Amino acid sequence: MNRTPTYNALILRARPSGESNREVTLLTAEEGLIRATVFGGPKSRLRAHAAPYHQGTAWLYRDPAKDFFKVTDFDVQSWRPGIREDYDRTMAAFAVAETILASHGGGAERGPALALAGDTLDALEGADRDGCRRMMVQFLWNWADILGCRPDLRRCASCGKVFPETESGATFWYSRREAQAVCPSCSGLDEDVHGLIESAGPALAAEFLPAGPGARRWLLAAESLGPGRIGRVSMDRVSWREAKALCAAVLGAAVGKQLASWEW
């Protein structure tokens, strides 16, 4: 076993450990999530480099007997200082990190997971408030694909009918119980989506969530557009609420809880 492995890594979280050390959690392309200790006081160069949202090459020492990792060096290629300069960027980045931690680093999809996280954090560094919110929702939607739980908004899970992206008028309904999306015909629900929601209220929301034309069009675009581009694709308020609620429901079912950071 190699005791001095090298990783392509992203620092997700840093916590105090003892009087002057810190424990960091890294997302790596090679082994997924790794917890390691960074030794050194506040003036340590290594401590400054091994900070949240920094990404680069990490050199670790592995003690197999104690199942212990120590960071021996970290070459930062992406510092992302802009994230710390703005509240909304910080909150969006925190939501990204918390989602990754709650879902165990994306499982076996380590390379794509690191790439998605890195691309999102890069785009967040210069984003405005609306852009941060859209990028967060896009990340959640595409992270659901990493986990293998993203519903298909092009094909009805019940009848199998394909709805091209150009048919943006179709409203899909996501069944929380079945964890899948069905077309308007198979849902058995009234076509007046918002009138139905207002009349049925929480009882309907506990079972079904709508992906109306605006939310469906935006989420389908989010599957192929990069974070920097999707941040400039606007949504109306109703579509925004639907897209966000759908992403939170899908990932909440996957990780077993709703994260508070998704409510930002």
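Here are some notes:
- When Lys70 is tested against (1) without any contact (Cβ under 8 Å) to a residue 12 or more places away in the chain; (2) over 21 Å from Trp240 (Cα atoms); (3) not polar (S, T, N, Q), only condition (1) is not met.
- Consider segment 39-68 and keep the residues that are of a type in the set (Gly, Ala, Ser) and surrounded by fewer than 17 Cβ atoms within 10 Å (Cβ to Cβ). The one that is modelled with the lowest pLDDT is Gly41.
- One residue stands out among those in segment 2-19 that are in a loop (DSSP other than H, G, I, E, B), exposed (fewer than 13 other Cβ atoms within 10 Å of the Cβ) and on the phi < 0 side of the Ramachandran plot: the one that is modelled with the highest pLDDT, which is Thr4.
- Elements of type helices (runs of 4 or more DSSP H) in segment 87-188, at least 1 residues being on the phi > 0 side of the Ramachandran plot and loosely packed, with under 14 Cβ neighbours inside 10 Å: none
- Filtering segment 20-60 to residues that are within 23 Å of the chain's Cα centre (by Cα) and either more than 18 Å from Arg110 (Cβ to Cβ) or assigned to a loop (DSSP other than H, G, I, E, B) (or both) leaves Glu23, Ala29, Glu30, Glu31, Ala50, Ala51, Pro52, Tyr53, His54.
- Qualifying residue in segment 133-150 (condition: under 20 Å from Glu31 (Cα atoms), in contact (Cβ under 8 Å) with a residue 12 or more places away in the chain and in contact with an Asp or Glu (Cβ under 6 Å, 6 or more places away or on another chain)): yes
The values are calculated or read from the model by the stated rules, or taken from the named source; none is laboratory data. The model shown is predicted, which means the values in this text are computed figures rather than measured ones. Glycine gets a Cβ as well: all are built from the backbone with ideal geometry, and neighbour counts include every protein chain shown.
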